[in-house]
Structure formats: structure tokens, C-alpha cells
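Enquirer: This is the structure I have questions about; it appears just below.
The values are calculated or read from the model by the stated rules, or taken from the named source; none is laboratory data. All of these numbers come straight from a predicted model, not from anything done at the bench. Neighbour counts run over all protein chains shown; Cβ positions are idealised from the backbone, glycine included.
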Amino acid sequence: MTCEPSSEKEGSLLTLSVLALVVGAAAGLVGALFRLALVQADHLRNVLIDWAHGHAAVGFIALVVICAVATGIAAWLVRRFAPQASGSGIPHVEMVLRGQAPPAPYGLAPVKFAGGVLAIGSGLALGREGPSVQMGASIAVFIGRAVGCSWPDWRVLLAAGAGAGLATAFNSPIAGAIFVLEELVQRFERRIAIAALAASATAISVARVFLGDAPDFQVGMIAYPADEAHPLFYVFGAIVGLLAVAYNRSLLITLAAAERLPRLPVELRAGLIGGAVGALGWLVPSLVGGGDDITARTLLGGESFVFVMVAFLIRFWLGAISYAAATPGGLFAPLLVLGAQSGLLFGMACNALFPGLGIQPIGFAVVGMAAFFTGVVRAPLTGIVLITEMTGNVTMLLPMLGACFMAMLVPTLLRDAPIYDALRELTLQSETKLQEAKKAGSP
């Protein structure tokens, strides 16, 4: 299988736009069904945890075993049918767009869907956006091949489908289109911009039929910060930049450690992680899963400083450990949890140190979501627009700019690679080693 179709001729822009609308509608439908399935999976997990608490040791063991089996099945589906479905999937989409990897097989979408529901539903700290992005790209591949698109048009549809997936995952159509240009292709291309806007528009129109049109997170009234408080957002951004570096390196170290474990089958490794997460869910049900509920509670600002600090530390490592399970699942949603929690903690501390500034810790929580995303991914425009759309709040736009500036500057000065660049490089290295091993073993 080649990485690209043979034809290099661009087709009609009008035809391409129509195809992008179709891709977006299909991605929106699949993404909406995926979100609804995850809601049901979370509900079933909570019911199971409640049942387990009423049956002492037997309930605890049953919960751990069920989570382990479900996670192991998710890893088996990936290994058996679509290895490209492992993890976020965004690095693979970027590799395909760059011609560094062939497109995924048609079976990727159902594997990503089922595996994502099993893994995230078991409580792993993984996000829905990675699967949604990769499924959107996979739908674009299918449609592009079905109509015989040339490579340039096929590539445009792939990028547009991926953006439509992100738009559906977070009910954020503008961020979906920006993500395509800022992260996936990392430059402005007019044809891709047109297709991305078209796909995101139809994706969100279809998805809202099933999901509604309310922002994902509800925040209270946030007053514009006092002028004297503005320097604090720059300080906060610098701290978040350091936390982002620590998170990226922790994730990569955890992945490397998982690979160096004794030669355990990937299903067994995933099952062990799933079982451990199930045990954590029995102890603290509110801290497992993708994290939307945690972010929503954080944005309400009603939890104590100590609880938020402990929750932040647990989620910081839970995200890295969950990703090492090699099941379908993304990074965005767990990042938003950490960003909101770090912002709330910083806001609480500033409110105690500078009571005369009238600081609202929730404002820092909103800014923290964009800043942490920026520090880890290095896509500040996507982060700012994404959080603005998800919260429906524009009051904190200017503070976001300052915080995201520092959150991007600090990791760049420390020469820390953006997480998707690092994961893409890791994948390329693994594939190179595998090919060399095959050559060495051939007669």
C-alpha cells in the first residue's frame, strides 16, 4: 500500500467543497454517537461502582476484573484489527498527511469506536477527541477513495474530516477548523481552510441534533480582572509552561517504561492498568474516566484547596499511565482537567495572598485550560478558541493571551517538543526498528 494516491492533479474546488460537507456530516454523526456511547459507558461504570460498594470484597474484585477485561479487550481489538488505532490517533493522522505512513484500513473506525468506549468507559483517563479526530479522518479516506480523489484533494478531505471530528468532540466548530491549520498541517492552505470550515459546519449541525447546542461547560459570571491582577496571569502562564514540560516528559517516560517491562502481551498490560484504574474508581469514583465531570466541578469552584491539589496529582499520573495501555483514547480532555485544576489552585492562592484584588479563582481555572493545552500541544489559537467555545465565556480572552504566551514560551525555551511531535517521532522510530528487525530476520 502506498502512502498517497498516484494522481497529483487538483480537482474542482466546488466538488471538493461538496465532498467536505458530506465528510463533515458523516464525521458529525459518528462523533455524536461516540459521545452518547461514552455517556452511557460512564453511567454503567458508576452503577457498577455503586453495586460494588454494597458487596464488600466480592464487589471490589468484580469491579477490578470487569475493568481489566474491558481494557484488555480494547487493546486486543487494536492489536488484532487496527494497530493504528492505538492511543490518540492524531500523530498517525499527521503522519499520513505528511506522506510518512499509509492511511489506516477501513476497519479503524469501528475499532476506535468500540475500543474507545471500552477503555474510557472502564475509567481510563483518556479523551474522546483523539478517537473522534481519527474516525473523522478515516471517514474522509473512505469517501475520498470511493469517488477516486487525487492525492491533493484526498489530503484536503483527510484534514477536514479530522477537524470535523474535533469540532464534534467538544462542540467547537471554529476550534476544529483552526486545529487543522495550526496543528495538523501547520500552515495556511486556502483549499484546506475552505474544506475544514465546510466539514466543521456540517459536523456540528448534525451532532447538535443529537447533543444539543449548549456549551460543554457552564461557568458563572466572571468579572473582568483588575488591571493590577494582569501580571499574575503571566506568572501563572510561566508556571503552567513548566507543568506542561513535566507532563510531556512524564508521559514519554511512562511509555518508555511500559515498553521496557518484561515481555507482557499488550492485552495483559492493558488489563493490569485497567484493573488498577478500577481499584482507584472503587476508592475515588469521581477521579476516573475522561474527566468532563471533573472539569465541570472544578469550574464551579466549590472544592477545597487540599482536595483539588490531591486530585491534580492523581490525574497528572493517571493520564500518563492510562495512555500507556495502548488503547484508543486522546489527550485533550485530560489536559483540560489539569489546566482547570492548576488554574483554580493558583487563583485560590492569589486570592489568599492578594485579597484586595478581588480575584475570582474560577477565572484562572478557565484560563488554565487554554494555557495548559497550549503548553503541552503548542497550539495556542486552537486552545484559546476551544476553551472560549466550550465555556461560552469571552471575559477572559485577554488574560488567556498573556497566559498562553508564557505557557508556550517557557517550553520552547526549554526545548521541549510539542507532545504530538514527540509521539509522532516515537512512532516513526518504532516502525523503523520493526522494519530493521524484519530485514535482519529475512533470509
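Enquirer: Could we say that Val310 is out of contact with any strand residue (DSSP E or B) (no Cβ under 7 Å at 6 or more places or on another chain) and within 28 Å of Arg35 (Cβ to Cβ) here? Outline the logic, then answer.
Expert: On the way: out of contact with any strand residue (DSSP E or B) (no Cβ under 7 Å at 6 or more places or on another chain): yes; within 28 Å of Arg35 (Cβ to Cβ): no.
In short, no.
Enquirer: Here is a further query. Among the listed residues Gly375, Gly402, which satisfies the condition of being assigned to a helix (DSSP H, G or I), outside the structural domain of Glu182 (by TED's automatic domain parsing) and over 18 Å from Glu183 (Cα atoms)? Before you say what the answer is, go through the steps one by one.
Expert: Numbers: Gly375 fails: over 18 Å from Glu183 (Cα atoms).
Sole residue among the options that is assigned to a helix (DSSP H, G or I), outside the structural domain of Glu182 (by TED's automatic domain parsing) and over 18 Å from Glu183 (Cα atoms): Gly402.
Enquirer: In the range 178-197, which residues are free of Cβ contacts under 8 Å to residues at least 24 places away in the same chain, in a helix (DSSP H, G or I) and either farther than 16 Å from Ala137 by Cβ or in contact with a strand residue (DSSP E or B) (Cβ under 6 Å, 6 or more places away or on another chain) (or both)?
Expert: Hits for the range 178-197 are Arg190, Ala193, Leu197.
Enquirer: Looking at the range 98-118 only, could you name the residues that are closer than 19 Å to Glu183 by Cβ, surrounded by fewer than 24 Cβ atoms within 10 Å (Cβ to Cβ) and in contact with a helix residue (DSSP H, G or I) (Cβ under 6 Å, 6 or more places away or on another chain)?
Expert: Ala101, Ala104 - these are the residues of the range 98-118 that are closer than 19 Å to Glu183 by Cβ, surrounded by fewer than 24 Cβ atoms within 10 Å (Cβ to Cβ) and in contact with a helix residue (DSSP H, G or I) (Cβ under 6 Å, 6 or more places away or on another chain).
Enquirer: Is one or more of the residues making up the range 347-363 in a loop (DSSP other than H, G, I, E, B) and touching a Ser or Thr at 6+ places or on another chain (Cβ under 6 Å)? Working first, answer last.
Expert: The first filter runs over the range 347-363 and keeps only residues in a loop (DSSP other than H, G, I, E, B), leaving 354, 358-360.
The next check asks that each one be touching a Ser or Thr at 6+ places or on another chain (Cβ under 6 Å); those that pass are none.
There is no residue in the range 347-363 that is in a loop (DSSP other than H, G, I, E, B) and touching a Ser or Thr at 6+ places or on another chain (Cβ under 6 Å).
Enquirer: Is the range 344-358 home to any residue that is buried (at least 24 other Cβ atoms within 10 Å of the Cβ), in contact with a Phe, Trp or Tyr (Cβ under 9 Å, 6 or more places away or on another chain), under 30 Å from Gly116 (Cα atoms) and in the same structural domain as Val240 (by TED's automatic domain parsing)?
Expert: Checking the range 344-358: at least one residue is buried (at least 24 other Cβ atoms within 10 Å of the Cβ), in contact with a Phe, Trp or Tyr (Cβ under 9 Å, 6 or more places away or on another chain), under 30 Å from Gly116 (Cα atoms) and in the same structural domain as Val240 (by TED's automatic domain parsing).
Enquirer: Restricting to the range 211-241, name every residue that is closer than 30 Å to Ser132 by Cβ and at pLDDT 95 or above.
Expert: So in the range 211-241, the residues closer than 30 Å to Ser132 by Cβ come out as 211-220, 222, 236-237, 240-241.
If the condition is that a residue be closer than 30 Å to Ser132 by Cβ and at pLDDT 95 or above, then Phe236, Gly237, Val240, Gly241 are the ones that fit.
Enquirer: Suppose we filter Ala223, Ala229, Ala244, Ala296 for residues that are outside any helix (DSSP H, G or I), closer than 19 Å to Val367 by Cα and touching a residue at least 40 places away in the same chain (Cβ under 8 Å); which single one remains? It would help to see each step written out before you state the result.
Expert: Numbers: Ala229 fails: outside any helix (DSSP H, G or I); Ala244 fails: outside any helix (DSSP H, G or I); Ala296 fails: outside any helix (DSSP H, G or I).
Being outside any helix (DSSP H, G or I), closer than 19 Å to Val367 by Cα and touching a residue at least 40 places away in the same chain (Cβ under 8 Å) holds for just one of Ala223, Ala229, Ala244, Ala296, which is Ala223.
Enquirer: Given the conditions (1) within 21 Å of the chain's Cα centre (by Cα); (2) of a type in the set (D, E, K, R); (3) over 24 Å from Gly330 (Cβ atoms), report the number of the one that Arg249 does not fulfil.
Expert: Against the list (1) within 21 Å of the chain's Cα centre (by Cα); (2) of a type in the set (D, E, K, R); (3) over 24 Å from Gly330 (Cβ atoms), Arg249 comes up short only on (3).
Enquirer: Out of Ser150, Ser122, Ser200, report the one residue that is closer than 30 Å to Ala75 by Cβ, in contact (Cβ under 8 Å) with a residue 24 or more places away in the chain and among the hydroxyl-bearing types (Ser, Thr, Tyr).
Expert: Values: Ser150 fails: closer than 30 Å to Ala75 by Cβ; Ser200 fails: closer than 30 Å to Ala75 by Cβ.
Sole residue among the options that is closer than 30 Å to Ala75 by Cβ, in contact (Cβ under 8 Å) with a residue 24 or more places away in the chain and among the hydroxyl-bearing types (Ser, Thr, Tyr): Ser122.
Enquirer: Then there's this: Residue check: is Leu33 under 27 Å from Phe142 (Cα atoms), out of contact with any Gly (no Cβ under 8 Å at 6 or more places or on another chain) and either at pLDDT below 95 or assigned by TED's automatic domain parsing to the domain that holds Gly176 (or both)?
Expert: On the way: under 27 Å from Phe142 (Cα atoms): yes; out of contact with any Gly (no Cβ under 8 Å at 6 or more places or on another chain): yes; either at pLDDT below 95 or assigned by TED's automatic domain parsing to the domain that holds Gly176 (or both): yes.
So Leu33 passes the test.
Enquirer: Right, another one. Which of the residues spanning the range 247-291 are assigned to a helix (DSSP H, G or I), small (Gly, Ala, Ser) and either modelled with pLDDT of 95 or more or touching a helix residue (DSSP H, G or I) at 6+ places or on another chain (Cβ under 6 Å) (or both)?
Expert: At the first step, the residues of the range 247-291 found to be assigned to a helix (DSSP H, G or I) are 247-260, 266-283, 285-287.
From what's left, small (Gly, Ala, Ser): 250, 256-258, 270-271, 274-276, 278-279, 281, 286.
Hits for the range 247-291 are Ser250, Ala270, Gly271, Gly274, Gly275, Ala276, Gly278, Ala279, Gly281.
Enquirer: Looking at this structure, is Met408 assigned by TED's automatic domain parsing to the domain that holds Phe332, aliphatic (A, V, I, L, M) and more than 14 Å from Gly343 (Cα to Cα)? Walk me through how you get there before you give the answer.
Expert: On the way: assigned by TED's automatic domain parsing to the domain that holds Phe332: yes; aliphatic (A, V, I, L, M): yes; more than 14 Å from Gly343 (Cα to Cα): yes.
Criteria met by Met408.
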